[in-house]
1. Suppose we filter Ile547, Ile538 for residues that are surrounded by fewer than 15 Cβ atoms within 10 Å (Cβ to Cβ), farther than 30 Å from Gly611 by Cβ, at pLDDT 95 or above and out of contact with any Lys or Arg (no Cβ under 9 Å at 6 or more places or on another chain); which single one remains?
2. Quick one: would you say Ser621 is of a type in the set (Ser, Thr, Tyr) and within 27 Å of Phe507 (Cβ to Cβ)?
3. Taking only segment 409-423 into account, find how many residues are loosely packed, with under 15 Cβ neighbours inside 10 Å and either in contact with an Asp or Glu (Cβ under 8 Å, 6 or more places away or on another chain) or within 30 Å of Trp449 (Cβ to Cβ) (or both).
4. Within segment 211-251, work out how many residues are modelled with pLDDT under 85 and either assigned to a loop (DSSP other than H, G, I, E, B) or of a type in the set (Gly, Ala, Ser) (or both).
5. Go through (1) outside the structural domain of Thr319 (by TED's automatic domain parsing); (2) surrounded by fewer than 18 Cβ atoms within 10 Å (Cβ to Cβ) for Ile222 and report which single condition fails.
6. Take the conditions under 30 Å from Phe291 (Cβ atoms) and modelled with pLDDT of 90 or more and apply them to Phe750. Does it pass?
7. Take segment 546-594 and flag every residue that is in a loop (DSSP other than H, G, I, E, B) and over 22 Å from the mean Cα position of the chain (by Cα).
Amino acid sequence: MNLRTSFLLSLLFVSALTFSQVTGTITDGTNDYPLEYATAALYFQENGELASGVISDIEGVFTIPDVKKGTYYLEASFIGFQTKIIRDINVHNRNTPVDVGTIELSIGENQLSEVVVKGERATVINKIDRQVFDAQKFQNSQGGSATDMVRNIPSVSVDGQGEISVRGSTGFVVLLNGNPVQGNASTLLNQLPANAIDRVEVITAPSAKYDPEGKSGILNIITKKGAADGAFTQINVRGGFPSIEPYDNDKTHQRYGIDATYNIIKGDWNISLGGNYQRNDLGGRREGDIFTIINDTLTQFPSDGERSFDEVNYSGRFTVDFTPDTLNTYSLGFYAGKRQKDRLADIVYFDNHAITPAEDGERVYTFQYFNHNLRTRRSDFVLGSFDYAHVFKNSSKLSTSLLYEYTLLGGPTESDNLGFPDNAIIYQKEYNTNDNPLNGIRFQLDYTWKPFSFGQLETGYQYRNLNHQGDFVYERRNNATGEFELVPEFSSEVDLVRDLHSAYAQFTAKKDKWEYAAGLRIEGMDRNFDLQDKLGEIDTTYTYNYIKPFPSASVQYSFENNTKLKAAYSKRVERTTTFKMNPFPEREHSETLEQGDPTLRPEFIDLFEMGVSKNFDGGNSVYATAYYRNVKNLVNRVNTIYNDTILNRIYSNVGDSRSLGLEFGTQLKPTKNWSNFIGANFYNYTIEGVYEGRSVDSDAFVYSINAISTFDFSETASAQFTFNYVSAQNTAQGEDSRFYSPNLTLRKTFCDDRLVAILQWQNIDMGILDTNEQRITTFREGEFFTTTNYVYEVDMIILNLSYTFNKNKDKSKFIDSEFGKREF
């Protein structure tokens, strides 16, 4: 044997002994969360002999080292889940590690009946791009809506008017199971029952693969699905006790509801049905004072009276998932709902008078009258989606999604100015109504593959079309004839058509203790806003187009001591709505008209954040995130004088704003039975700009606090106290006062945890606090001043009962294992 032959034989021998590695990630297929301590076993495909095996880490990731050249199959398994086999894994050489991708496990059928490993879910899980909140931790929201649930999240606050803010901004986007909703975000949250929610993901600095809409980020609402093969049924009923404080309101307020969920999983099919009906009335009062100054005459009209709400919601939901094999998944979903909310404002203007000259003058007249104002808002909507995903043999994945949305918004509003105390005297009667059908279509195509062993590349294209029409009719009663006649200057037809095309590319990777992502999205928008009056004298189309880049980047480092440090940047946009662009006024109150601006420009936002999180022993954790948000073309509602007794509220670009803040959250367990979650958001908010030739300059320190304290008396009984507080916050022309609400919930389970009774004491006041009150003040020096205190119902007692029918109850207890829920 010559030297050359010996060398070649030695090279072949060494090559045969060179080692590679096989990597992958094991997740729970029902919620995409990593499974820690799952087993990955590698077998020789030729003879079925075990080659090696490891367990996954806290992120569900496993790495099998020292794998020789050959063909293998891999078994991924975890207690309570069906084992999944990945075949034809070809290992060639040590320079090419093999990544089998993400392996999704399904809940198993053959589970033991009585083995239960109890563990406690974390209230919040911190990830590189989001915080994930467990809905089951918020007992005070049970029987209510999604709004009642999200108001406990540190980033979120709800004010006295029911406006939802994320980090102090109402500009956020709601995703429903990952799909965007083009209608009003608050409307959807108010119509979705809290009992249907599994978890909420708060994405404050979204990556380029998400649509860039929403200046304060994204709330992704994930609804519940079944836990195991078989049928699952849950029914919840809710009833409210009579109001303790009636506020001399016209009607007795009612609070009751029912919702139900049915889920069946059999083989390749997962089908879920749900429906709910809710009646949520709220009593209250409105106390106000307004003055205007025109030509050195001051007109003042203080007021007091009822401001209450009667609200009815009902909705239905249906989803079906079909997974014929490990490579293909089909999903079909429908969600429909109807909502009607009547706001009654029966207000007495008890001292309407004029003084001239404005400073130290004499009264010209004194007058009082009664205004009956009933505003009805209806919202009917239907969402339909079809998704398909295919996994290729190289572990790359193609996903398609088609979404259709129809929403019908409507009025009307009645405004009657009558005599007082003699309501038979008619000074003025007005009636305005509107129909606003909205049609939205979204198509999305995404492709994911791993060209490198340490990271993956995601690309995609999205098309969104919005067609929102509005027909606004404003009529005033002719007191001579008794007939209502059209008021042309307040009546209009509008049509907003918006087309969006966008494409993105994003790279994400994890290497050692580092996780990072970087992406770029290019978006083109065509906006056409057509405006017509009812007399055919005005027909104008306003256009606004752009092509802009929206970059994003994030990085996270994990230390050995369960500490993570992260930083992120995201470019965002807040697109304008039809309502804020319609320049024809709408009568909101006796003293208020509201209108928009057809030339309104979108807001463009830069978001920066840096955060740290740490998990301690005993279920304790803490996280803090510093952030900076810069907004160009800020849209604010500003007031001008329409006449001596009417202010005109106009939505306009008033300048720029900056928010510099710190968000904080901690989970504390002083004892085994007592756990606490405290979240807070502190930020400095600055508005700078010019409106109607006057400078807009406002600066304030704003904060909100959400605290939850839960004490377990036993395995079947607990109490939870929550406290939500929003400090005073500045606006372009004034200030919104502080607003707070304490709540107490008692929870008891019966019938082996199948029956759950929850007694809620909402808006605790006891006559000694100022719970559920908020004062709104605006002013313009030398022109007008308005302040209104909204006082809403307190000390509300509500009982919720929930019963679960589940023939596989004992089997599904495995979902309560510490391992399966640790990363929830």
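1. Values: Ile538 fails: at pLDDT 95 or above.
Sole residue among the options that is surrounded by fewer than 15 Cβ atoms within 10 Å (Cβ to Cβ), farther than 30 Å from Gly611 by Cβ, at pLDDT 95 or above and out of contact with any Lys or Arg (no Cβ under 9 Å at 6 or more places or on another chain): Ile547.
2. Numbers: of a type in the set (Ser, Thr, Tyr): yes; within 27 Å of Phe507 (Cβ to Cβ): no.
It is false that Ser621 is of a type in the set (Ser, Thr, Tyr) and within 27 Å of Phe507 (Cβ to Cβ).
3. Filtering segment 409-423 down to residues loosely packed, with under 15 Cβ neighbours inside 10 Å leaves 419, 421-423.
Next cut, either in contact with an Asp or Glu (Cβ under 8 Å, 6 or more places away or on another chain) or within 30 Å of Trp449 (Cβ to Cβ) (or both) only: none.
Counting residues in segment 409-423 that are loosely packed, with under 15 Cβ neighbours inside 10 Å and either in contact with an Asp or Glu (Cβ under 8 Å, 6 or more places away or on another chain) or within 30 Å of Trp449 (Cβ to Cβ) (or both) gives 0.
4. 12
5. For Ile222, the failing item is (2).
6. On the way: under 30 Å from Phe291 (Cβ atoms): no; modelled with pLDDT of 90 or more: yes.
The answer is no for Phe750.
7. So the first thing to find is which residues in segment 546-594 are in a loop (DSSP other than H, G, I, E, B), and the list is 559-562, 575-585, 590-591.
Listed by number, the residues that qualify are Phe559, Glu560, Asn561, Asn562, Met581, Asn582, Pro583, Phe584, Pro585, Ser590, Glu591.
Yes or no, residue by residue, for (1) within 21 Å of Val156 (Cα to Cα); (2) touching a residue at least 12 places away in the same chain (Cβ under 8 Å):
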| position | (1), (2) |
| --- | --- |
| Ser714 | no, no |
| Ser718 | no, yes |
| Thr722 | yes, yes |
| Tyr740 | yes, yes |
| Trp761 | no, yes |
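The values are calculated or read from the model by the stated rules, or taken from the named source; none is laboratory data. No experiment lies behind these values; they were computed from the predicted model shown. Positions of Cβ are generated from backbone atoms using ideal geometry, with glycine treated the same way; all protein chains shown enter the neighbour counts.
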